[in-house]
Amino acid sequence: MDLNEVRHSMAHVMAAAVCRLYDNVKLDIGPATDSGFYYDFDLPRRISPEDFPEIEQEMSRLIKENAPFERFSVPRDEAMAMLEKDGQTYKLQRLADIPEGEEISFYKCGDFYDLCRGPHVEGTGQLRAFKLISVAGSYFHGIETNPMLQRIYGIVAHSNGDLRKELFRLEEAKKRDHRKLGRELDLFSISEDVGPGLVHWHPKGARIRSIIEDFWRKKHFAAGYELLYTPHVGRAHLWETSGHLDFYRENMYSSMDIDGVEYFVKPMNCPFHIQIYKTQKRSYRDLPLLWAELGTVYRYEKSGVVQGLLRVRGFTQDDAHIFCTPEQIEQEIRNTVEFALGMLRAFGFEEISAYLSTRPEKAVGDEARWEKATASLKSALEAESVPFEVDQGGGAFYGPKIDLKIKDAIGRQWQLSTIQFDFNLPERFDLSYVGTDGNEHRPYMVHRALLGSLERFFGILVEHYGGAFPLWLAPEQVRMLPVTDNQNDYAEKVEDKLKGLGFRVTTDDRSERVGAKIRLAQSQKVPYMLIVGPKEQDAGTVSVRNRKEGDLGPMSIDSLVETMEEEQRVNT
């Protein structure tokens with residue numbers, strides 16, 4: 001059985017159970033998620049985890065009844081009458097969202113029915129292991145001015161064994177939650193006074209970000225890229241030409257009037273890179289152009305979907321654009337896939353897969369160009385032995401793409417790198433280059449992001465490592481721990497020496513027992529703790545404690561430096 005069908009079916013079973021247990025239940029939606037399912041309810045009473053056993057018991061009864069999931073369709077006016085009769089105001093609004101002419105389908109399960117496209121399993125008896133795990137507030141349609149609903153989350157598995165594994169993974173995910181670790185490790189914050197989805201990077205978080213950015217720049221220069229910097233706002237005319245005002249305006253921030261001209265804050269960097277391309281006539285000899293930017297953009301996200309660093313309103317994109325000839329495109333795509341894989345592996349992600357999205361029914365651009373672009377994406381994945389699935393017809397209207405997905409330390413999949421052809425913007429902005437024949441030709445244009453947004457990538461990194469960053473990324477690599485105040489001067493000398501060699505070091509010179517200092521450093525996930533007492537001071541050594549391996553015993557400073565330098569080389 002398809003797990004998504006199982007999850008969605010279990011959401012219906014939960015909704016049916018809630019309707020049996022409580023009066024005046026108003027329903028919204030109940031989709032499958034990557035890890036389970038949820039359903040949104042408007043209830044006359046507040047649900048708490050203490051209510052879960054009762055709801056679960058009723059769900060088990062429904063499963064034992066083995067009620068079939070039966071699909072039926074009705075005309076729009078009949079659907080409206082059904083929902084009005086039952087007082088399902090939220091479902092009526094969802095019905096209004098369905099375009100005219102589309103089929104209105106419901107699924108019935110016992111005495112419960114729901115406005116739903118499906119699909120579902122054949123009957124409730126096919127459902128097995130499940131658990132309700134949490135309840136939270138959720139605004140209808142994700143808009144904070146709308147009514148607050150209660151969202152009950154659950155998980156489901158094919159067997160009790162699989163369910164136990166999933167519960168363990170969820171517990172591990174709670175411990176690794178980047179919002180929790182961000183507070184505990186003092187990495188970042190989001191202030192309600194400033195606004196949701198707008199991130200403040202604290203010194204430790206900013207230190208890690210600067211390491212990531214420096215590594216990113218170094219690798220891009222080595223790969224033949226040039227870096228750009230572009231403005232944060234642009235005239236409305238620019239966004240009209242690009243098509244953003246027609247197709248993306250609801251995600252753009254309100255316009256501003258500057259000298260009587262309308263401007264918008266940029267949601268994307270590409271129109272600016274195109275403007276740089278157009279500053280001079282380009283020849284085939286100039287191509288390929290590989291231009292990258294860590295460009296900060298702003299996009300409106302509904303407050304109901306803003307989530308820590310993973311879904312924000314202001315973020316810095318690891319962005320790049322490739323302009324090249326048809327003859328160059330296959331090699332450039334291969335280079336880009338190889339580059340992306342190398343970057344992801346450098347940050348500790350080894351399990352990487354891909355989705356190849358091809359030409360949809362409605363698309364712009366010459367079909368031969370689509371075929372060549374799609375073939376170049378496919379051959380690049382095959383050359384790098386990356387497992388991939390084809391999403392037939394799932395590409396954007398303006399070009400095919402590859403999405404690279406990684407698995408983190410606890411098996412969750414995240415989409416990171418994207419390589420996206422664009423046959424639309426070169427036409428809209430009339431881009432050209434002079435070919436070998438002396439005539440003007442349209443260049444290929446490829447949008448490319450390796451890490452995605454730095455904010456989201458950082459959140460994923462925090463959760464992947466559980467806050468215990470590898471040595472090369474750790475904001476504080478070494479903490480000196482003098483046993484008594486008499487060793488403070490020696491500890492500072494060692495600190496200065498290590499800092500002079502480029503390591504990030506602090507000294508805990510508080511008048512505390514060394515055991516308490518170790519526990520604090522361990523809780524703050526410092527990779528190396530160097531304990532210095534009278535013996536170490538006299539011998540000119542340090543007693544080394546590693547975050548993972550514990551006590552490593554005494555070492556000379558030179559041996560320690562050699563060990564740490566080797567560890568950094570292995571990681572990068």
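Express the relative contact order of segment 478-571 as a whole percentage, based on alpha carbon pairs under 8 Å and six or more residues apart in sequence.
The value is 27 percent.
Using the Cα gyration tensor of the chain, with a ≥ b ≥ c the square roots of its eigenvalues, what is the shape: rounded (a/c below 1.5), prolate (a/b larger than b/c) or oblate (neither)?
Oblate, because a/c is 1.5 or more while a/b does not exceed b/c.
Just to check, using Stokes-Einstein with a Kirkwood Rh over alpha carbon pairs, what's the diffusion coefficient of segment 478-571 at 10 °C and 1.306 mPa s in µm²/s?
This corresponds to a translational diffusion coefficient of 121 µm²/s.
Sorted from fewest to most neighbouring beta carbons within 10 Å, what does the list Leu290, Leu404, Leu92 look like?
Leu92, Leu290, Leu404
Using 18 Å as the cut-off for backbone N distance, which residues of segment 252-276 belong to the label zone defined by a point 7 Å from the Cα of Ala236 along Cα→Cβ?
252-267
Could you list Ser376, Ser357, Ser523, Ser385 in order of exposure, starting from the residue whose Cβ has the fewest other Cβ atoms within 10 Å?
Ser385, Ser523, Ser357, Ser376
For the chain, what is the mean residue ellipticity at 222 nm derived from helices alone (per DSSP H run of n ≥ 4: -39500 (n - 2.57); sum divided by total residues; nearest 500 deg cm²/dmol)?
-11500 deg cm²/dmol
In terms of modelled amide H atoms, which long-range or inter-chain residues lie less than 5 Å from the amide H of Asp391?
Leu356, Ser357, Thr358
Multiply the residue separation of Arg510 and Arg249 by 0.36 nm, subtract the distance between their alpha-carbon atoms, and state the gained length in nm to one decimal.
Going from the current span to full extension adds 88.5 nm.
Just want the answer: with Cβ charges of +1 for Lys and Arg and -1 for Asp and Glu, which residue in Phe168, Ala15, Met256 is farthest toward the dipole's positive end in the chain?
So the residue furthest toward the plus end is Phe168.
List every residue whose amide H lies under 5 Å from the amide H of Ile133, counting only residues 5 or more places away in sequence or on a different chain, with H placed 1.01 Å from N in the peptide plane.
Here the answer is Tyr153, Gly154, Ile155, since their amide H atoms fall under 5 Å of that of Ile133.
What nm value, rounded to one decimal, do you get for the distance between Lys165 and Phe215 when each label is placed 7 Å out toward the C-beta?
3.0
No value in this document is a laboratory result; all are computed from the given coordinates. Note that the structure is predicted; figures quoted are calculated from it, not measured. Neighbour counts are summed over all protein chains in view; Cβ atoms, including those assigned to glycine, are modelled from backbone coordinates with ideal geometry.
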